[in-house]
Ligand code: SF4
Ligand code: SF4
């Protein structure tokens, strides 16, 4: 399920994500984080930069912190996996209309990138992942994940999506004992979305 609000964190300085990682660490250590979320929102002027109201901004940041914490907990297990898949969101394709030459495989269901645009985020992500031996899926929605996992029995999965989708996917992976690593969308809206490809490359 998508968020009920749209956001764009793509222009927020990288240092913001270091702060998110720091809070995640404090939480893992069971240290009090108190008003840290509000402090970060003020410090990076998240409300002004994104147009989010305070409660939506807090929800978004809490999801980022939780995701970072889950990644940390799963990392060791993930590194030991061999059979891996990468799940990408269809909303990050350069084109959402017939200019995208990806073939849609109804049975899976997933798009298969035809690599038509060198500057397409999905193309760049899929090309590197395929080279590293990943099976790549470009998903029209999170509901396909359980179906794929039941069919293919992956040991490790890297997923890119917005926060709520990642949380649901994380639950499905946990129930099936699959090690997961998540990369959040930094801009949502279900079209022309954006994620940090360098973060993805580091995890792959
Ligand atoms: S590079 Fe792939 S995902 Fe991107 S627009 Fe072309 S076919 Fe679609
Ligand atoms: S922003 Fe993308 S990943 Fe999130 S719900 Fe919309 S289509 Fe799915």
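The values are calculated or read from the model by the stated rules, or taken from the named source; none is laboratory data. The structure presented is a predicted model; accordingly, all values stated were derived computationally and were not measured. Here Cβ is always computed from backbone atoms with ideal geometry, including for glycine, and neighbour counts include all displayed protein chains.
Structure notes:
- Total residues in segment 117-140, condition out of contact with any strand residue (DSSP E or B) (no Cβ under 7 Å at 6 or more places or on another chain), within 16 Å of ligand 1 (Cβ to nearest atom) and within 24 Å of residue 155 (Cβ to Cβ): 3
- Looking only at residues in segment 162-199 that are at pLDDT 90 or above and on the phi > 0 side of the Ramachandran plot, the one that is surrounded by the fewest Cβ atoms within 10 Å (Cβ to Cβ) is 177.
- Each residue in segment 67-92 was checked for being under 21 Å from residue 133 (Cα atoms) and within 16 Å of ligand 1 (Cβ to nearest atom), and 5 pass.
- For segment 147-161, filtered to residues that are outside any strand (DSSP E or B) and touching a residue at least 60 places away in the same chain (Cβ under 8 Å), the residue that is surrounded by the fewest Cβ atoms within 10 Å (Cβ to Cβ) is 153.
- Which numbered condition residue 97 misses (of (1) away from ligand 2 (no atom under 16 Å from the Cβ); (2) farther than 22 Å from residue 198 by Cα; (3) surrounded by fewer than 13 Cβ atoms within 10 Å (Cβ to Cβ)): (1)
- Some residue of segment 68-85 being touching a strand residue (DSSP E or B) at 6+ places or on another chain (Cβ under 7 Å) and within 14 Å of ligand 2 (Cβ to nearest atom): no
- Any hit, segment 51-59, residues being within 16 Å of residue 186 (Cα to Cα), part of a helix (DSSP H, G or I) and within 15 Å of ligand 2 (Cβ to nearest atom): yes
- Scanning segment 127-146 for residues that are away from ligand 2 (no atom under 16 Å from the Cβ) and either without any contact (Cβ under 8 Å) to a residue 24 or more places away in the chain or under 14 Å from residue 101 (Cβ atoms) (or both) gives 127, 130, 131.
- Scanning segment 171-183 for residues that are in contact with a helix residue (DSSP H, G or I) (Cβ under 6 Å, 6 or more places away or on another chain) and not in a loop (DSSP other than H, G, I, E, B), we see that the one that is nearest to residue 119 (Cα to Cα) is 183.
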